[in-house]
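Novice: After the structure tokens below, expect a handful of questions from me.
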Amino acid sequence: MKTSRQIREAFLAHFQAAGHERLPSGPLVPPNDPTLMFANAGMVQFKDVFTGKDPRPYKRATTAQKCIRISGKHNDLENVGVTARHHTFFEMMGNFSFGDYFKKDAIELAWAFITSESGLGLDPNRLVVTIFGGEEGVPADDDAGALWTAVTGFGADRILRLGKDDNFWSMGDTGPCGPCTEIHYWMANTPPDLSKFGAEPGPDGAGWTEIWNLVFMQFERFADGSLVPLPAQCVDTGAGLERMTAAAQGVVSNYDTDLLRPIVDLAATISGKAYGGTLAEDDVSMRVVADHARTTAFMISEGISPDKDGRNYVLRRVMRRAIRHGHRLGIERLFLHECALLVVEMMGDVYPELREKRAMIEEVTKQEEERFRRTMRKGLELLAQNEEWTTGPDGARVLPGKVAFLLTDTFGFPLDLQQVIGREQGFSIDLEAYEAALEKARERSHGSKLHDDAAVSGVYQALATELGPTSFVGYEHERAGSTIAAMVQSGARATALREGEKGEIVTRLTPFYGESGGQVGDRGAIRAGDAVFDVEDTQKPAAGLFVHRGVMKTGTMEVGVGVDLEVDHARRSATRRNHSATHLLHWALRTVVGPQAMQKGSLVSPERMRFDYSGSRPLEADELQRIEDLVNAKVWLNAPIETEVLPMADAKARGAIGIFEEKYGEVVRMLRMTDDSIELCGGTHASRTGDIGLFKILSESGVAAGVRRIEAVTGAGALAHLRTVERELGATAALLKGSPLQAREKVERLLGSLKERDREIDELKRKIMQGGLGAGGKGDLTSEAKQQAGVSVLGAVVDIGDPKALRELCDQLKDKLAPAVILLGTATKDGRALLACSVSKEATERFKAGDLIKDAAAIVGGGGGGRPDFAQAGGTDASKLPEAVARVYALVV
């Protein structure tokens, strides 16, 4: 029996032998493609190749692409674990032709791999194919039908013709499109049954299952619906490794393949339950854990952290679903990290990023499970305490939408988990009201979002297409000559900028660095004779396009004029120092904290640097000091800072680390600052580490779940910070009438004195409560109590002024005089009246503290209430306190 590893390798080798360029998987997060949250098919990394925007030196390619699908026609999250083949993460095997071979070769290559012993070795009698049968004026794909007959010998009963929903592919309403042909395998231990084709396979996966899809990009569809043959016809193949492996290994469920079964078995072992491969709840939960552990490991390996929005939220949702199913299995301890680490062990040699980020995968997974288990406990408590329920038409309880939204928005208790608990406890949720509350929250937050219309305008994309990439010469030069290629003003093309006008200038080449990778854009000046344009910022609003933003200080400039561009040297130098320091800080962090302390983001400006990293705990003072010492040791070493442009594979081989915020191509820029710090970076840097001068950490704090931040300064910024601290310390010492070196001693004395005064105040309050000092310095209040209606009754005004102390005194007197009814009053510093009433429990059937205090509070111009045994109130007229407290004698009869 072939292993999944052998099948993956056999596929790639098969197509490599047929002249295909063997390429690594593209990233899960597609670079420069805002239309996709995740890579969901093998062709994603080749979209621009298919459209001709990205010419490559090869015309054939083959890959094993890591993919994530969370929702869609066949990938609803709730199906995962229930069916035999639904997954959030999967591997899509693919072979692609970019205007090279077409249907004949594609079909022959596919059939050879599927049926040959060197490939899957599947029985042709258990296979059928489908082709496009024609629909809505688009002719049937008879060419594919004839080719399949020639290759397989199948007749019409085994070459099935389907409509466009099944066998016609397109990128959208317009653009490349064409018919597709699919290969289906009979997944059951019974003879193939063509009468069941088209029916959804059973929950166990038995039935006809698609294992291969060949897409023939044959036409271009225009807005009027017309189809025109493409000048270069292409092939896009998608074949799920999980499904192919199930077929080759003779199992019905993907979860029984060697890709997933070891993780299922681990979940079973941790839970102490046996896996039966059925639709029983425990078996479903084990499959969910296995699938979601793979998604968790791969997403974290690409720098995604569980959080509240976007891709981060998807990861959080998947992880919490896995944890919830673990909880359902009875697993009380942290477990998901063990399953994720098994994924690393199983697949780390194929996808090295898993091994590189092993420590991060473990730490982030543990942190999220700890957080979510706390959330689950808190959510269950809140639901148990909730008193706001409505009743549905069937008489069952309904949780109001506003309550469900509060649990989600304020306490982080997910709606889907509330629904699961609702099914278990017999209540539903008013989803319409929940959505209304959610929409109101969105409207409230809408005004806080800033939108730069110019930055998102299509004008920049049009300029990038028209002009091509701006030539950046800023690594070598801070001054250069060029020609104004375009101008933009208020989001539209312009031909000239005049004195005082704000706008943007695009030149053919520039020494100005455009903001990216966390480094801010350069400032400086563009000159043409006497005309001067102040560059206030440099941005890259479209791929490869550098835009200088600013204002015409003097004169006028027009498109086509020659200009001199000069970067602000002092500002660039300060930025370089801070940027180089971020790399040394990254190395020092990983040295002190561990390899899990990976960069999550950064900001590099002339004034300071901000560095976000994966971490769950605050750093100790000695750790921060050690980090500072390590960085400064490198600074004072004055080692050269070297950059080199080389292929990505070579950079990785030399141990270079990639920063998650950057999206790299096949050729990268590698930065070396001694052999300890080798990273990929496109920013500008100092020439030697000594240029940094001095590195000083300003703060370390948490900014999000599993993400912490260090802010620091270098060079002149570090000196300015130290002088500020020295100045503030000197001013503080002067207030204490001492020198800066005496400040700590004097502050300690002052704090000791304040602590002693606080002790004296507390002692005075204690004496007041114990002695019961009344207004005017009266003695023990218990002697003033009267016996009436079978209880001790006391009404008195005391000099306390504190609500808590008043309550404590009230309760103490009640205990001393029990059974008793006590009503005390006191005046606050601002002249308000406070009342407290305490009634012994054995007397509460006759006298209610809440009723008594309402009556008394009316006298001082206020109101209040409480329990039968204790109540409190306030009022505006403290002068009537004696009358108010005396009222108790008239009420207790």
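Novice: For segment 810-827, indicate whether the set of residues that are touching a Gly at 6+ places or on another chain (Cβ under 6 Å), at negative phi and either surrounded by fewer than 22 Cβ atoms within 10 Å (Cβ to Cβ) or in a helix (DSSP H, G or I) (or both) is non-empty.
Specialist: So far as segment 810-827 goes, no, none of its residues is touching a Gly at 6+ places or on another chain (Cβ under 6 Å), at negative phi and either surrounded by fewer than 22 Cβ atoms within 10 Å (Cβ to Cβ) or in a helix (DSSP H, G or I) (or both).
Novice: Pick from segment 138-186 the residues that are hydroxyl-bearing (Ser, Thr, Tyr) and more than 19 Å from residue 105 (Cβ to Cβ): which of them is modelled with the lowest pLDDT?
Specialist: Restricting to residues being hydroxyl-bearing (Ser, Thr, Tyr) and more than 19 Å from residue 105 (Cβ to Cβ), the top hit is 174.
Novice: Quick check on segment 227-269: of everything there that is touching a Cys at 6+ places or on another chain (Cβ under 8 Å) and open to solvent by 30 Å² or more (accessible area, probe 1.4 Å), which residue is nearest to residue 420 (Cα to Cα)?
Specialist: Filtering first and then ranking leaves 266.
Novice: Moving on to the next point. Taking the options 543, 528, name whichever one is in contact (Cβ under 8 Å) with a residue 60 or more places away in the chain and among the aliphatic types (A, V, I, L, M). Write out each step before concluding.
Specialist: On the way: 528 fails: in contact (Cβ under 8 Å) with a residue 60 or more places away in the chain.
The match here is 543.
Novice: If we scan segment 430-443, do we find a residue that is modelled with pLDDT of 80 or more and either touching a Leu at 6+ places or on another chain (Cβ under 6 Å) or not in a helix (DSSP H, G or I) (or both)?
Specialist: yes
Novice: Kindly indicate the residue of segment 371-399 that is within 14 Å of residue 425 (Cβ to Cβ) and among the charged types (D, E, K, R) and also modelled with the highest pLDDT among those meeting that condition.
Specialist: Going through the qualifying residues, I end up with 397.
Novice: Could you look through segment 204-240, keep only residues that are assigned to a strand (DSSP E or B) and over 30 Å from residue 99 (Cα atoms), and pick out the one that is modelled with the highest pLDDT?
Specialist: Once the filter is applied, the top-ranked residue is 208.
Novice: What number goes with the only condition from (1) under 44 Å from the mean Cα position of the chain (by Cα); (2) closer than 25 Å to residue 248 by Cβ; (3) not hydrophobic (A, V, I, L, M, F, W, C) that residue 116 does not pass?
Specialist: Of (1) under 44 Å from the mean Cα position of the chain (by Cα); (2) closer than 25 Å to residue 248 by Cβ; (3) not hydrophobic (A, V, I, L, M, F, W, C), only one is false for residue 116: (1).
Novice: Among the strands (runs of 3 or more DSSP E) confined wholly to segment 661-715, which include 1 or more residues that are more than 27 Å from residue 620 (Cα to Cα) and modelled with pLDDT under 95? If you could, list the steps in order and put the result at the bottom.
Specialist: Numbers: elements: 667-672, 678-680, 695-704, 707-714.
Ranges flagged: 667-672, 678-680.
Novice: Next question. Among the residues of segment 791-805, count how many are closer than 17 Å to residue 876 by Cβ and either within 52 Å of the chain's Cα centre (by Cα) or in a loop (DSSP other than H, G, I, E, B) (or both). Before the answer, list the steps.
Specialist: First pass over segment 791-805, keeping only residues closer than 17 Å to residue 876 by Cβ: 797, 801, 803.
Next cut, either within 52 Å of the chain's Cα centre (by Cα) or in a loop (DSSP other than H, G, I, E, B) (or both) only: 801, 803.
Number of matching residues: 2.
Novice: Name the residue that is nearest to residue 595 (Cα to Cα), counting only residues in segment 373-398 that are touching a Lys or Arg at 6+ places or on another chain (Cβ under 9 Å) and loosely packed, with under 11 Cβ neighbours inside 10 Å.
Specialist: The residue in question is 388.
Novice: Could you tell me which residue of segment 508-534 is least open to solvent (accessible area, probe 1.4 Å), considering only residues that are within 21 Å of residue 578 (Cα to Cα) and part of a strand (DSSP E or B)? Reasoning before the result, please.
Specialist: Residues of segment 508-534 that are within 21 Å of residue 578 (Cα to Cα), as a first pass: 511-524.
Those left that are additionally part of a strand (DSSP E or B): 516, 519, 524.
Working: 516: 32, 519: 0, 524: 18 Å².
It comes out as 519.
Novice: Could you give every pair whose Cβ atoms fall below 8 Å, whose first residue belongs to segment 371-398 and is touching a residue at least 60 places away in the same chain (Cβ under 8 Å), and whose second residue is not hydroxyl-bearing (Ser, Thr, Tyr), counting only separations of at least 6 or pairs across chains?
Specialist: Between residues of segment 371-398 that are touching a residue at least 60 places away in the same chain (Cβ under 8 Å) and residues that are not hydroxyl-bearing (Ser, Thr, Tyr), the close pairs are 371/705.
Novice: Kindly indicate whether any position in segment 475-489 is part of a helix (DSSP H, G or I) and of a type outside the set (A, V, I, L, M, F, W, C).
Specialist: Scanning segment 475-489 turns up no residue that is part of a helix (DSSP H, G or I) and of a type outside the set (A, V, I, L, M, F, W, C).
Novice: Restricting segment 456-474 to residues that are under 33 Å from the mean Cα position of the chain (by Cα) and open to solvent by 60 Å² or more (accessible area, probe 1.4 Å), which is farthest from residue 494 (Cα to Cα)?
Specialist: Taking segment 456-474 first, the residues under 33 Å from the mean Cα position of the chain (by Cα) are 456-465, 469-470, 472.
Restricting the remaining residues to those that are open to solvent by 60 Å² or more (accessible area, probe 1.4 Å) gives 456, 461, 465, 469.
Details: 456: 17, 461: 16, 465: 17, 469: 20 Å.
Among them, the one singled out is 469.
Novice: Do you know which of the residues in segment 475-507 that are within 30 Å of residue 670 (Cα to Cα) and surrounded by fewer than 16 Cβ atoms within 10 Å (Cβ to Cβ) is nearest to the chain's Cα centre (by Cα)?
Specialist: Here the residue is 475.
Novice: Is one or more of the residues making up segment 572-586 in contact with a Ser or Thr (Cβ under 9 Å, 6 or more places away or on another chain) and within 19 Å of residue 463 (Cβ to Cβ)?
Specialist: no
Novice: Which one of these is surrounded by 17 or more Cβ atoms within 10 Å (Cβ to Cβ), under 26 Å from the mean Cα position of the chain (by Cα) and among the charged types (D, E, K, R): 345, 370, 356?
Specialist: 356 is the lone residue from the list that is surrounded by 17 or more Cβ atoms within 10 Å (Cβ to Cβ), under 26 Å from the mean Cα position of the chain (by Cα) and among the charged types (D, E, K, R).
Novice: In addition: Being touching a strand residue (DSSP E or B) at 6+ places or on another chain (Cβ under 7 Å) and among the charged types (D, E, K, R), is that true of even one residue in segment 570-591?
Specialist: yes
Novice: Check 397, 333 and return the single one that is closer than 24 Å to residue 437 by Cβ and charged (D, E, K, R).
Specialist: Testing whether each residue is closer than 24 Å to residue 437 by Cβ and charged (D, E, K, R) leaves just 397.
Novice: Please pick out the residue among 836, 871 that is touching a Phe, Trp or Tyr at 6+ places or on another chain (Cβ under 9 Å), buried (at least 21 other Cβ atoms within 10 Å of the Cβ), within 25 Å of residue 787 (Cα to Cα) and among the small types (Gly, Ala, Ser). Spell out the reasoning first.
Specialist: Working: 871 fails: touching a Phe, Trp or Tyr at 6+ places or on another chain (Cβ under 9 Å).
Selected residue: 836, the only one of 836, 871 that is touching a Phe, Trp or Tyr at 6+ places or on another chain (Cβ under 9 Å), buried (at least 21 other Cβ atoms within 10 Å of the Cβ), within 25 Å of residue 787 (Cα to Cα) and among the small types (Gly, Ala, Ser).
Novice: All but one of (1) in contact (Cβ under 8 Å) with a residue 24 or more places away in the chain; (2) more than 56 Å from the chain's Cα centre (by Cα); (3) more than 22 Å from residue 783 (Cα to Cα) hold for residue 845; state the number of the condition that does not hold.
Specialist: Failing condition for residue 845: (1).
Novice: Of the conditions (1) of a type outside the set (Phe, Trp, Tyr); (2) in a helix (DSSP H, G or I); (3) surrounded by 17 or more Cβ atoms within 10 Å (Cβ to Cβ), residue 6 fails just one. Which one is it?
Specialist: Evaluating residue 6 over (1) of a type outside the set (Phe, Trp, Tyr); (2) in a helix (DSSP H, G or I); (3) surrounded by 17 or more Cβ atoms within 10 Å (Cβ to Cβ) leaves (3) as the failure.
Novice: Residues of segment 187-203 being of a type outside the set (Gly, Ala, Ser), within 19 Å of residue 124 (Cα to Cα) and part of a loop (DSSP other than H, G, I, E, B), which ones?
Specialist: Those that are of a type outside the set (Gly, Ala, Ser), within 19 Å of residue 124 (Cα to Cα) and part of a loop (DSSP other than H, G, I, E, B): 189, 190, 191, 192, 193, 197.
Novice: Further question: Checking residue 180 against (1) under 19 Å from residue 219 (Cβ atoms); (2) part of a loop (DSSP other than H, G, I, E, B), only one condition comes out false. Which one?
Specialist: With (1) under 19 Å from residue 219 (Cβ atoms); (2) part of a loop (DSSP other than H, G, I, E, B) applied to residue 180, the lone miss is (2).
Novice: Here's something else I'd like to know. Scan segment 574-604 for residues that are in a helix (DSSP H, G or I), open to solvent by less than 20 Å² (accessible area, probe 1.4 Å) and touching a residue at least 60 places away in the same chain (Cβ under 8 Å) and report the count.
Specialist: 12
Novice: Same structure again: Can you tell me which condition residue 159 does not meet? The list is (1) among the β-branched types (Val, Ile, Thr); (2) more than 28 Å from residue 87 (Cα to Cα); (3) open to solvent by less than 20 Å² (accessible area, probe 1.4 Å); (4) in contact with a Lys or Arg (Cβ under 9 Å, 6 or more places away or on another chain), and all the others hold.
Specialist: (4)
The values are calculated or read from the model by the stated rules, or taken from the named source; none is laboratory data. Owing to the predicted nature of the structure, the values given are computational and were not obtained by experimental measurement. Cβ sites come from the backbone with ideal geometry, for glycine too, and all protein chains shown count toward neighbours. Calculation scope for accessible area: heavy atoms of the full protein, side chains included, ligands and nucleic acids excluded. Shrake-Rupley method; radii C 1.70, N 1.55, O 1.52, S 1.80 Å.
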